[in-house]
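Notes to accompany the following structure.
The values are calculated or read from the model by the stated rules, or taken from the named source; none is laboratory data. The model shown is predicted, which means the values in this text are computed figures rather than measured ones. Methodologically, a virtual Cβ is constructed for each residue, glycine included, from the backbone with ideal geometry; neighbour enumeration extends over all protein chains shown.
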Amino acid sequence: MNLKDFIRSIQDYPKKGILFRDITTLIKDKDAFAEAINQIVERSKNYDFDKIAAIESRGFVFASAVSYILKKPFIMLRKKNKLPAEVHSVDFELEYGTATIEVHKDSIKRNENVLIIDDLIATGGTAEAAAKLIEMSKGKVSAFIFVINLFDLNGCELLEKKGYKVENLIDFPGH
């Protein structure tokens, strides 16, 4: 099954000049969604990790299913002011603005290995912020697994240059 066939492309969303790669068409197809989850599970076997983290919100869709299958704890990396307890916060740049993500301070223990899953990587700013949150919590990033890599925006390369292991299921140009 070619998962690429299940990704819808939407021009000028969320703003002019952006070609949005929409995963809703993949997750609404039960076979394509199952295939994506199975591929992430298989790739995750290459890494040693204690917990799975995902970036709000589309990363939650994939990571929670993988967490369930692998019987690993699931950590939510959320937008600012969405978590009720004490948090670590990281500000970062997006392709079209700035944002903040947070994690509960008690989510990750010292030296725990964390696999980070998200739906898409573009420039890598959000993923790099996620890694910083794990490290602020005294954990270690085992690897990143993305469903989609917008390869010409160089996010995977940014993470690899910083020493992180990175995998993805599908490659698309970002423009």
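Working only within the stretch 23-70, note down all residues that are in contact (Cβ under 8 Å) with a residue 12 or more places away in the chain, among the charged types (D, E, K, R) and either buried (at least 19 other Cβ atoms within 10 Å of the Cβ) or part of a helix (DSSP H, G or I) (or both). Hits for the stretch 23-70 are Asp31, Glu35, Arg43, Lys51, Arg58. Scanning the stretch 1-21 for residues being surrounded by fewer than 17 Cβ atoms within 10 Å (Cβ to Cβ), not polar (S, T, N, Q) and not in a helix (DSSP H, G or I) gives a total of 12. Restricting to the stretch 166-175, count the residues that are modelled with pLDDT under 95 and surrounded by 13 or more Cβ atoms within 10 Å (Cβ to Cβ). So the count comes out to 1.
Return the residues of the stretch 38-60 that are in contact with a strand residue (DSSP E or B) (Cβ under 7 Å, 6 or more places away or on another chain) and either among the β-branched types (Val, Ile, Thr) or within 15 Å of Ser142 (Cα to Cα) (or both); say none if nothing qualifies.
Across the stretch 38-60, the qualifying residues are Ile40, Arg43, Ser44, Tyr47, Asp48, Phe49, Asp50, Lys51, Ile52, Ala53, Ala54, Ile55.
Within the stretch 87-104, the set of residues being at pLDDT 80 or above and either of a type outside the set (D, E, K, R) or closer than 16 Å to Ile18 by Cα (or both) comprises Val87, His88, Ser89, Val90, Phe92, Glu93, Thr98, Ala99, Thr100, Ile101, Val103, His104.
What residue, among those in the stretch 146-165 that are among the hydrophobic types (A, V, I, L, M, F, W, C) and free of Cβ contacts under 8 Å to residues at least 60 places away in the same chain, is surrounded by the most Cβ atoms within 10 Å (Cβ to Cβ)?
Phe146
One residue is enough: does the stretch 94-101 have a residue meeting the conditions touching a Pro at 6+ places or on another chain (Cβ under 8 Å) and not in a helix (DSSP H, G or I)? Yes; the residues of the stretch 94-101 include at least one that is touching a Pro at 6+ places or on another chain (Cβ under 8 Å) and not in a helix (DSSP H, G or I).
Considered as a group, the residues in the stretch 119-149 that are in a strand (DSSP E or B) and β-branched (Val, Ile, Thr) include one that is nearest to His88 (Cα to Cα), and that residue is Val141. Filtered by the rule that a residue be over 26 Å from Asn149 (Cα atoms) and either within 15 Å of the chain's Cα centre (by Cα) or surrounded by fewer than 17 Cβ atoms within 10 Å (Cβ to Cβ) (or both), the stretch 90-118 gives Lys105, Asp106, Lys109, Arg110, Asn111.
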